[in-house]
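The values are calculated or read from the model by the stated rules, or taken from the named source; none is laboratory data. In this text, all values refer to a predicted model and were calculated from it rather than measured experimentally. FYI the Cβ positions are ideal-geometry reconstructions off the backbone, even for glycines, and counts take in every protein chain you see. Heavy atoms of the whole protein, side chains included, go into the accessibility calculation; ligands, DNA and RNA do not. Shrake-Rupley method; radii C 1.70, N 1.55, O 1.52, S 1.80 Å.
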Amino acid sequence: DRHIAQAKQAGLTGFITTWWGQGTFDDRAFETVLDRAEKADFKVTVYWETAPGKGQAQIDRAIRDLLYVLNKYGKRKPFLKVDGKPVIFVYGRVMGEVPLKSWPAILDGVKKSYDGDFLLLADGYQESYARVFDGLHTYNICGWVQKKKPDELRSLAAQDFAGAVRLARQHGRVSCLDLIPGYDDTKIRKPGLDAWRQ
């Protein structure tokens, strides 16, 4: 409740929360987040973190996981929607685990079994993703902004984010742009990343 209240005070309207699969700790926690978000008129969705397996087994598991999220959570009022369609963000790990050629089978499998439409947003501003997914985003820009001064960031963001938006629009896709409030993992990784707060 406090986390949502702090976010709202800062002008945020929703969270994307980690989701590692059916029955996991974060799956159970998401139910609580959803309940609390509903009381606070706040939006939430999941960040799909992993798609284990290989070949057809991986495709089948991915279909089951997406259908689970859509059927269990997607129709709830606080679940993030665009034009009434539930939105799920796909983390870069999943993008790396699932071959690009497998996505049409996954998407078709979900569409055949789900009563409605949904949006799946890929992690990465890539032409190949723009052809397959409903939208594009990137999870963490700290490597890109690391050690840049504010003036450098302004021109870099204007150029690079404009390119990301243009790519999405060329394919009629949603584009999401990232902000990061600083990042420092140098105490747990060597050499690690340290992106200044500004």
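Those residues that are surrounded by fewer than 21 Cβ atoms within 10 Å (Cβ to Cβ) and within 15 Å of W20 (Cα to Cα), I need them from the range 48-68; list them, please. E49, T50, P52, G53, Q58, R61, I63, R64, L67, Y68, listed by residue number.
Exactly one residue among D178, D123, D115, D108 is within 27 Å of D60 (Cα to Cα) and under 19 Å from the mean Cα position of the chain (by Cα), and that residue is D123. Could you say whether any residue in the range 27-38 is of a type in the set (A, V, I, L, M) and out of contact with any strand residue (DSSP E or B) (no Cβ under 9 Å at 6 or more places or on another chain)? No - not one qualifying residue is present in the range 27-38.
Of all residues in the range 51-68, those satisfying the criterion of being touching a helix residue (DSSP H, G or I) at 6+ places or on another chain (Cβ under 6 Å) and touching a residue at least 12 places away in the same chain (Cβ under 8 Å) are A51, I59, A62, I63, L66, L67. G182 falls short on exactly one of the conditions (1) open to solvent by less than 70 Å² (accessible area, probe 1.4 Å); (2) over 25 Å from S128 (Cβ atoms); (3) in contact (Cβ under 8 Å) with a residue 40 or more places away in the chain, and that condition is (3). Among all positions in the range 32-45, there is no residue which is open to solvent by 20 Å² or more (accessible area, probe 1.4 Å), out of contact with any Leu (no Cβ under 9 Å at 6 or more places or on another chain), within 23 Å of H137 (Cα to Cα) and assigned to a loop (DSSP other than H, G, I, E, B). Comparison of R154, R173 shows that the only residue that is touching a residue at least 12 places away in the same chain (Cβ under 8 Å), more than 15 Å from V94 (Cβ to Cβ) and either of a type in the set (K, R) or open to solvent by less than 40 Å² (accessible area, probe 1.4 Å) (or both) is R173. H137 meets the conditions (1) touching a strand residue (DSSP E or B) at 6+ places or on another chain (Cβ under 9 Å); (2) exposed (fewer than 15 other Cβ atoms within 10 Å of the Cβ) in every case but one. The failed one is (2). Evaluation of N71 against the conditions (1) open to solvent by 40 Å² or more (accessible area, probe 1.4 Å); (2) polar (S, T, N, Q); (3) in contact (Cβ under 8 Å) with a residue 40 or more places away in the chain; (4) not in a helix (DSSP H, G or I) shows that the sole unmet condition is (4).
Evaluating I88 against the criteria (1) open to solvent by less than 50 Å² (accessible area, probe 1.4 Å); (2) more than 23 Å from D178 (Cα to Cα); (3) among the hydrophobic types (A, V, I, L, M, F, W, C) leaves one unmet condition, (2).
Only residues that are under 22 Å from the mean Cα position of the chain (by Cα) and either more than 16 Å from L179 (Cα to Cα) or not in a loop (DSSP other than H, G, I, E, B) (or both) were counted in the range 133-156, giving 9. Scanning the range 157-170 for residues that are out of contact with any strand residue (DSSP E or B) (no Cβ under 9 Å at 6 or more places or on another chain), open to solvent by less than 70 Å² (accessible area, probe 1.4 Å) and more than 14 Å from G124 (Cβ to Cβ) yields A157, A158, A162.
Which residues, taken from the range 91-132, are at pLDDT 95 or above, in a loop (DSSP other than H, G, I, E, B) and over 16 Å from L177 (Cα atoms)? Matches in the range 91-132: V98, P99, Y114, D117, F118.
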